[in-house]
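The values are calculated or read from the model by the stated rules, or taken from the named source; none is laboratory data. Predicted model, so just to flag it, every value in this text is computed and none were measured. So basically every Cβ, Gly included, is an ideal-geometry build from the backbone, and we count neighbours across all protein chains shown.
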Amino acid sequence: MKRSLRIGTCLALFWRVLYGIVLCLFGEGLGAAPVTFNTALPVAQGEFVFRQLFVVNRAANDPGPVKRKVSGWASVSVLGYGVSPRWTVFGVLPVVGEKTLSRDTSTGRERRSAGGIGDLLLFSRYTLYQRDRPGGTFRIAPFLGVEAPTGQEDARDSQGRLPPDLQPGSGSWDGTAGVVISRQTLAYQIDAQLSYRFNSKANHFKAGDRVSLDASWQYRLWPRQLKGGLPGFLYGVLETNASHQWKNKISGHREPDSGGWRWFITPGFQYVTRRWVLEGVVQLPVLQNLNGQALEQDWIVRTGFRIAF
Amino acid sequence: MGLNLKVDVMKLGLLITLLAVVVGYSSVPHAAEYILSVDGLGCPFCAYGIEKRLRTLKGVQAVRVDIEKGQVVVVTRDPDRLTKDQLGAKVKEAGFTLRSLRLAPENEKVP
């Protein structure tokens, strides 16, 4: 009897995981939303949601001989407004605290860094399909965005203009489009996002376009049993972020040491109350199949809060 | 004679006060609770939007959400002026679906 119960539990778990994978394949969230992407967050009509995120990252796995290392931190502010029950607009403004590149040169270790306001991303999502049921919902929402060149794109140091990768802004008008699918219940939430980013040229440099497939699973760890009212929920978060970026172009020529495949696994947590959310994740690389001697990412930490007002 | 008149005036004053209290009480609208069954509520952060939208309705004194039951209790001091359409519209503005609505019987009221 106990054994058959165990088999039943295992089967239920298997189907739940399989269902999550299927959703991920076809397809970002709601209250307990994904941490690594913003598109899955619908906002009530006439209401605002503010999100502040802090990002710290390091890339030091250089396949080349100069032992490059890129590290830095940034704050990302997101403001969402519900135009209608289905239509939400967002503004995303990154501010680079510091981004530093160090590498070996013939005269010793060279260090170059920059910081400042980044490019403002404006995007909008529209819930095209919505099926609500007691304690849950299923939604499909396409989204479209444009990134304006508001950031500093001509940062310099004693050696002259910094390379494009170190500039807080790109100087170019870029676009993003995609679709996000969200399935939420009282116990868990699954979001999946497929997106494409179009980059344009500025200052003789064009970053490669990027296609991304992101998925997020948030599972309620506490309280295990709901006993009425509106308690805070503690979610365990597991996300996966896969992307392919095409090669950058410098003066029309493809840069051989750029672009490629990246796949991250992203565990974390989220504490959700009726007015605010605390969250944190760490993105760990599983696979990085990059072109030439492109620098591999070591880790990215994302932490912050959201508040509804 | 003078004493009797004083007692009569006191009685009349008491009667008028009592009458004023009764009339005053009957003209104060009685508080009532609507219980809304809302589909799509899955986490606490979602619930804030629905609370805020419902509070914009005139006469609404309090909004309480029971996430497990998917229920939203709306306390109003003016139940005659609050319609199902108004409540449904606010639920919709918050991005959810109103499945049903009923007036709470006295014994279901939460103190």
| field | Residue check for A:R125: of a type in the set (K, R), at pLDDT 95 or above and touching an Asp or Glu at 6+ places or on another chain (Cβ under 8 Å) | value | no
| Those residues of the stretch B:33-85 which are more than 9 Å from chain A (Cβ to nearest Cβ), under 25 Å from A:F309 (Cβ atoms), of a type in the set (A, V, I, L, M) and in a strand (DSSP E or B), in sequence order | B:L36, B:V60, B:A62, B:V63, B:V72, B:V73, B:V74, B:V75
| message | If I ask for residues that are within 14 Å of another protein chain (Cβ to nearest Cβ) and of a type in the set (D, E), which ones from the stretch A:147-192 would you list? | response | A:D191
| Count of the stretch A:241-274 residues which are in a strand (DSSP E or B) and within 14 Å of chain B (Cβ to nearest Cβ) | 3
| field | Enumerated strands (runs of 3 or more DSSP E) restricted to the stretch A:1-118, each holding at least 3 residues that are at pLDDT 95 or above, within 14 Å of chain B (Cβ to nearest Cβ) and within 20 Å of the chain's Cα centre (by Cα) | value | A:48-59
